1. How high is the FRET efficiency between ASP123 and ARG95 when r is their beta carbon distance and R₀ equals 22 Å, given to the nearest 0.05?
2. At 222 nm, what value in deg cm²/dmol follows for the chain if DSSP H runs of at least 4 each add -39500 (n - 2.57) and the sum is divided by all its residues, to the nearest 500?
3. Amide H to amide H, which residues 5 or more places from VAL121 or on other chains are under 5 Å from it, using H placed in the peptide plane?
4. Consider a paramagnetic label point 7 Å from the Cα of ALA14 along Cα→Cβ; state which residues of segment 71-87 have an amide N under 15 Å from it.
5. Charges at C-beta only: +1 for Lys and Arg, -1 for Asp and Glu. How large is the resulting dipole of the chain about its Cα centre, in Debye rounded to 20?
6. With θ taken as phi - 60° and the coefficients 6.51, -1.76 and 1.60, list the Karplus ³J(HN,Hα) couplings across segment 91-102 in order, rounded to whole Hz; mark glycine and proline as x.
7. May I ask you to order 86-96, 67-77, 3-13 by the average number of other C-beta atoms within 10 Å around their residues, highest value first?
8. Can you work out the FRET efficiency for the pair ARG113 and SER140, with r the C-beta to C-beta distance and R0 = 22 Å, to the nearest 0.05?
Amino acid sequence: MVTELEARLEATLAPAALSHGLELVAVELAGGHGHPVLRVFLDKEGGVGLDEICEANSWISALLDESEPFGGSYTLEVSSPGIDRPLRKLGDFERFVGSIATLRTHKLDGRTRFTGTIDGVTDDTIALDVDSELVRIPFSAVRNAHLKGEVDFGQGKDGCEQ
């Protein structure tokens with residue numbers, strides 16, 4: 001689910017994020033060896049604002065300059081996780097019980113993709129309600145997971161129908 005480099009970067013950045021009152025949601029590495037792109041997703045209760053993202057860009061850049069994980073140039077993207085928030089840790093699934101999630105897994109019962117409501121977590125197993133059927137997915141089988149964002153266009157700020 002997470003590469004060795006991503007895990008090392010998370011270990012470096014997570015304590016710094018906490019010291020700034022933020023949660024490190026995920027670190028993703030994209031792009032090729034010639035020009036890697038490092039995406040850092042941060043959040044906090046009530047959401048993270050643009051000022052916090054800009055400030056985080058500075059301290060993350062400083063930490064990366066010290067550790068030089070790429071040995072050359074790279075692109076840093078710092079943002080909130082958005083409505084399709086990645087689910088990386090077992091605790092993420094516990095936190096978002098009742099939310100709809102999409103999981104990509106190693107082959108389970110002939111399937112590799114599951115979308116449903118997170119029903120709970122027991123030991124290292126995620127219970128997912130998929131079309132009214134409770135599916136149990138070992139966390140070790142999860143390759144990628146994220147919340148399935150929902151946007152309600154039914155009412156505006158003033159409560160009026162749109």
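Read the figures in this text as sums done on the coordinates, not as results from a lab. Owing to the predicted nature of the structure, the values given are computational and were not obtained by experimental measurement. Backbone-built Cβ (ideal geometry, glycine too); neighbour counts: all protein chains shown.
1. Working: r = 17 Å, r/R0 = 0.76.
Efficiency for this residue pair is about 0.85.
2. Details: 3 runs with 40 residues, N = 162.
Computed mean residue ellipticity for the chain: -8000 deg cm²/dmol.
3. Under 5 Å from the amide H of VAL121 lie the amide H atoms of ALA127, each far enough along the sequence or on another chain.
4. In segment 71-87, the label zone of ALA14 (backbone N under 15 Å from the point 7 Å along Cα→Cβ) covers 87.
5. On the way: 15 positive and 28 negative charges, 117 e Å.
Dipole size: approximately 560 debye.
6. In residue order, the calculated couplings are x, 5, 5, 5, 5, 10, 4, x, 8, 8, 9, 10 Hz.
7. Values: 86-96: 17.2, 67-77: 11.5, 3-13: 15.1.
Top of the packing list down: 86-96, 3-13, 67-77.
8. On the way: r = 17 Å, r/R0 = 0.77.
My answer for the efficiency is 0.85.
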